[in-house]
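Working notes, structure below.
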Amino acid sequence: MEEKLRQKPSNCIKIVLFGPESSGKTTLSRNLAAHYNCEWIPEYAREYLQHKWEKEQSICAPEDLLPIAEGQMRLENAASKNADRLLICDTDLLETKVYGEAYYDHWCPPELEIAALANTYDLYLLTYIDIPWEADDLRDRPEQREEMFLQFKEALVTYKRPFVLLKGTLAERMAIATEHINKLLS
């Protein structure tokens, strides 16, 4: 596996927010990191693709998947060094893999797939699409929310990842998430 995609060993509990665009991952991940006063890893794809959009007015292309994955792992590995007990990840490489396959006819770079399946996390928080869609420069599939959600859920089931489905308001999602994270911490 390519070294830039390798997850560095860590003793902390790693939680991943997982799901389609505009399903509340970033808001929830920030709130969880604040609640636990722990390290938070943003979604690198957002920064990378926003910069690309502003520069070229172009969206994600297949050749962007590896730089996005490398940037995400760089952020995660750096944060893992500072994390003492808990790390909240806005996304992971499995999310990038699912997006690649959804957008590029079931294709993703082989080295991304290998890394996505090799990296491990203690819990995935799968965000449902029951919150309002928020448009921005990068979001482009409001009419395919259910289809995208099912692809994310299928990936977690197929690859036997531990996950909890989060629905409802931010407060309801926080309550469910913290209940499960507290069990891991105890």
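The values are calculated or read from the model by the stated rules, or taken from the named source; none is laboratory data. A quick note: this is a predicted structure, and the numbers were derived from the prediction, not measured. Here the Cβ is made from the backbone with ideal geometry for all residues, glycine too, and neighbour counts use every protein chain on show.
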* **Of the criteria (1) of a type outside the set (A, V, I, L, M, F, W, C); (2) closer than 28 Å to Glu146 by Cα; (3) at pLDDT 95 or above; (4) more than 15 Å from the chain's Cα centre (by Cα), which one Thr27 fails** => (4)
* Specify the residue that is surrounded by the fewest Cβ atoms within 10 Å (Cβ to Cβ); the eligible residues are those in the stretch 65-96 that are of a type in the set (S, T, N, Q) and part of a helix (DSSP H, G or I). => Asn82
* Residue check for Glu147: more than 14 Å from the chain's Cα centre (by Cα), surrounded by fewer than 18 Cβ atoms within 10 Å (Cβ to Cβ) and either of a type in the set (A, V, I, L, M) or within 17 Å of Ser29 (Cα to Cα) (or both) -> no
* **Asp64 being charged (D, E, K, R) and under 22 Å from Ala118 (Cβ atoms)** => yes
* Structure fact -> Listed by first then second residue, the pairs whose first member lies in the stretch 144-162 and is assigned to a helix (DSSP H, G or I), whose partner is acidic (Asp, Glu), with beta carbons under 8 Å and at least 6 positions apart or on separate chains, are Met148/Glu21; Gln151/Glu101; Phe152/Glu95
* Asked: Does at least one position in the stretch 52-60 carry a residue that is exposed (fewer than 14 other Cβ atoms within 10 Å of the Cβ), at pLDDT 90 or above and either outside any helix (DSSP H, G or I) or under 15 Å from the mean Cα position of the chain (by Cα) (or both)?
  -> no
* Structure fact -> Quick count over the stretch 49-88, residues being among the hydroxyl-bearing types (Ser, Thr, Tyr) and under 22 Å from Leu123 (Cα atoms), is 1
* If you go through the stretch 2-24 one residue at a time, how many are over 12 Å from the mean Cα position of the chain (by Cα), farther than 14 Å from Leu94 by Cβ and either crowded, with 22+ Cβ neighbours inside 10 Å or of a type outside the set (S, T, N, Q) (or both)? -> 8
* Asked: Can you tell me which residues in the stretch 1-29 are more than 20 Å from Pro67 (Cα to Cα) and assigned to a helix (DSSP H, G or I)?
  -> Lys25, Thr26, Thr27, Leu28, Ser29
